[in-house]
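A.B. asks: Quick one: this structure, given as structure tokens, is what I'll be asking you about.
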Amino acid sequence: MSDSEYEDHPSAAGEQEKELQAKLDKKREELATLQAGREKARRLAEIQEEIAATERKCREEAALSAAEAKYGPLGLRTAAMETRVGLVILRRGDGIKVRIWADKHGANPSVQACRELVRPNVEYPPIEEFDDMVKEMPMVLVTAAGKVLELAGIGSKEVGGK
């Protein structure tokens with residue numbers, strides 16, 4: 001219809017406007033329902049995430065207590081390492097084996113060499129979980145190797161220089 005036709009039929013223009021407004025209102029309601037559903041799902045996910053994080057923290061605290069009861073305070077025979085995905089507790093390795101490892105691999109050990117050093121000295125988490133953690137964040141292995149060397153009394157200068 002042209003503008004002149006609307007002038008002749010003012011009720012037709014009003015009806016069309018009402019229909020469009022009703023359609024707009026319906027779409028706005030649909031949008032609000034979808035947004036509310038998404039917001040509810042996000043809140044539920046946040047709560048579930050917080051539950052999982054709190055459960056993990058409880059397991060980690062229990063593991064820390066057990067490690068301290070078994071080996072003494074952290075820093076002497078054990079070390080704890082926070083990562084984005086959880087805690088790693090390492091124990092001091094056999095001094096002779098660690099020294100042989102350091103002499104063999106020097107200042108730039110391969111990932112496989114780090115794995116050989118670290119895996120036998122993981123106190124927590126269970127080794128399967130630690131391996132999953134390393135798959136997700138490979139540098140955890142390198143950092144853990146440094147901690148094992150520190151616990152053995154070998155500093156980075158001693159690893160690199162002979």
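A.B. asks: With contacts defined as alpha carbon pairs under 8 Å and 6 or more residues apart, what's the relative contact order of the stretch 57-154 in percent?
C.D. replies: The value is 32 percent.
A.B. asks: Hey, which aspartates and glutamates would be in cross-link range of Lys70, C-alpha to C-alpha under 12 Å, not counting anything within fewer than 8 residues on its own chain?
C.D. replies: Straight-distance partners of Lys70: Glu123.
A.B. asks: Using a 10 Å cut-off around each Cβ, can you sort Glu136, Glu116 from fewest to most neighbouring Cβ atoms?
C.D. replies: Listed from fewest to most nearby Cβ atoms, that is Glu136, Glu116.
A.B. asks: Taking only Cα atoms, what is the 0 to 90° angle, nearest 10, from helix 10-71's long axis to the longest principal axis of the chain?
C.D. replies: Tilt of helix 10-71: around 10 degrees.
A.B. asks: Okay, next question. Against the longest alpha carbon principal axis of the chain, how many degrees, from 0 to 90 and to the nearest 10, is the axis of helix 95-105 turned?
C.D. replies: So the helix axis and the longest Cα principal axis differ by about 70 degrees.
A.B. asks: Return the long-range amide H neighbours of Thr83 (sequence gap of 5 or more, or a different chain), with a cut-off of under 5 Å between placed amide H atoms.
C.D. replies: Amide H to amide H, under 5 Å and 5 or more residues apart or across chains, Thr83 pairs with Val88.
A.B. asks: Taking the chain as the reference, fit the longest principal axis to its C-alpha atoms, fit the long axis of helix 127-136 to the helix C-alpha atoms, and give the angle between the two in degrees, 0 to 90, nearest 10.
C.D. replies: Approximately 50 degrees, to the nearest ten.
A.B. asks: Report, in listed order, any pair from Lys40/Lys135; Lys97/Lys147; Lys97/Lys135; Lys104/Lys147 with a Cα-Cα distance greater than 23 Å.
C.D. replies: In this structure, Lys40/Lys135; Lys97/Lys135 lie more than 23 Å apart at Cα.
A.B. asks: While we're here: So for the stretch 23-76, taking the charge dipole from beta-carbon charges (+1 Lys/Arg, -1 Asp/Glu), which of Ala69, Ala41, Leu24 sits furthest toward the positive end?
C.D. replies: Farthest towards the positive end: Leu24.
A.B. asks: Still on this structure, I have one more. Quick check on packing: order 137-149, 95-107, 43-55, 64-76 by the mean number of other C-beta atoms within 10 Å, highest mean leading.
C.D. replies: With the highest mean Cβ count within 10 Å placed first, the list reads 137-149, 95-107, 64-76, 43-55.
A.B. asks: Is the shape of the stretch 1-71 rounded, prolate or oblate, going by the alpha carbon gyration tensor and its root eigenvalues a ≥ b ≥ c, with a/c under 1.5 for rounded and a/b larger than b/c for prolate?
C.D. replies: prolate
Rule-based calculations on the coordinates, nothing more; no lab input. On a predicted model such as this, the values are computed, not experimentally measured, just so you know. No Cβ is skipped: glycine too gets one built from the backbone with ideal geometry, and neighbour counts run over all protein chains shown.
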